[in-house]
1. Express the relative contact order of chain B as a whole percentage, based on alpha carbon pairs under 8 Å and six or more residues apart in sequence.
2. Ordered by residue, what ³J(HN,Hα) values in Hz, to whole numbers, does the range A:64-71 give under the Karplus form 6.51 cos²θ - 1.76 cosθ + 1.60, where θ = phi - 60° and Gly and Pro are x?
3. 7 Å from Cα along Cα→Cβ at both A:Ser3 and B:Leu25: what's the point-to-point distance in nm?
4. Partner chain Cβ atoms within 10 Å, averaged over the residues of A:118-130 - can you pull that number for me?
5. To the nearest 10 degrees, how steep is helix A:3-12 against the longest Cα principal axis of chain A, on a 0 to 90 scale?
6. Between the range A:193-215 and the range A:97-136, how many Å separate their Cα centres?
7. With a ≥ b ≥ c taken as the square roots of the eigenvalues of the C-alpha gyration tensor of the range B:31-102, please select rounded if a/c is under 1.5 and otherwise prolate if a/b is larger than b/c or oblate if it is not?
8. Could you tell me the calculated FRET efficiency between A:Val149 and A:Thr65, based on Cβ-Cβ distance and R0 = 25 angstrom, to the nearest 0.05?
Amino acid sequence: MTSSYREGAKRIAPLAPAALSFGAAFGVLAGTTGIGGLAAVVMSATTFAGAAQFAAITVLQDGGTVAAAVTAAVLLNLRYLAISVAVARAFEGSRLRRLFESQLIVDESWAISQVGRGRIDRRVLIGAGLVLFVFWVGGTALGALAGDVLGDPNRLGLDGALPALFLALLATQLVDRRTKVAAVAGGSIAFVLLPFAPAGVPVIAASGVCLWELKKR
Amino acid sequence: MSSAWVVVLLVGAFTVAFKAAGPVLLGSRPLPERMSQAFELLAPSLLAALVVTQAVGGKQEIVFDARLVGVAAGIVAIRLRAPLIVVIVVAALATALARVAF
């Protein structure tokens, strides 16, 4: 029974160094922009979504308003609303337990816990999410306290490892014509919107492929 | 309260609510058949979009850089049926090397 929690932790383990490294980079950025270490750690623990955190802090750093920073991050995280509804059935127990467990939903833990036909293994998601959470929040604290000790994650090529990871997980999803068409459509929508739409919108728009499937029948 | 804290708390509250919405509000009630069929396409469409935005995304622009070399190396590893960790390490190494080389 506990083995599937462990299975999730095992599957996500290769990403732990990336979570630590990007977490530290976020801590360093927050330190240099005067956000403060405590706020950075609180943000990593509650928002727990890299792109949105970097986006919000960068907007503030560039002199943007609070509203602009929040909007950027909310747009980036809106996809979690779709994912959350899609995986709702997999969660069980009291509302409080579901509230806490659902916070471990991140792109990587969700993608890695897929068991086919859009369903997920909750225990795998939780095991994977916990590992990412510890390394992400730990990395943020490390970066905020110790400064730039791990180096730039991009210099280590970790920014190129992320799309490759998503591609590897995507490959396991392409089981029939429907899923292949959805992938091509989703990727194309994101590509076309990238130069025009604010960050986050291309990905949400891509998930609109599902709506088209709803309409079809 | 500083504006940074306001951003941290607001973004945190929104994200917690987004992630919790399904499991807390819907619970284990099954989705209508048509909806769950539609959600079968969420993983392929969203993952493909993440591949694109992570590989060539910039600040509201398309950027071709060392990441593409990493993705190409990753594709080779995926085609050779390498385990996930190998795909990640190969892609990271190729990206880092390409960045040094160019």
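Values quoted throughout were computed directly from the atomic coordinates according to the rules given, and no laboratory measurement underlies them. What you are looking at is a predicted structure, and each value in this text was computed from that prediction instead of being measured. Cβ atoms come from the backbone with ideal geometry, glycine included; neighbour counts cover every protein chain shown.
1. 18
2. Working through the residues one at a time gives x, 7, 4, 4, 5, 5, 5, 4 Hz.
3. A separation of 3.8 nm, rounded to one decimal place.
4. Numbers: counts 10, 4, 1, 0, 1, 0, 0, 0, 0, 0, 0, 0, 0.
Shielding by partners across A:118-130 averages 1.
5. That works out to roughly 60 degrees.
6. The range A:193-215 and the range A:97-136 have Cα centres spaced 23 Å from each other.
7. Working: a/c = 4.26, a/b = 1.70, b/c = 2.51.
Oblate, because a/c is 1.5 or more while a/b does not exceed b/c.
8. Values: r = 33 Å, r/R0 = 1.31.
Here the calculated transfer efficiency is 0.15.
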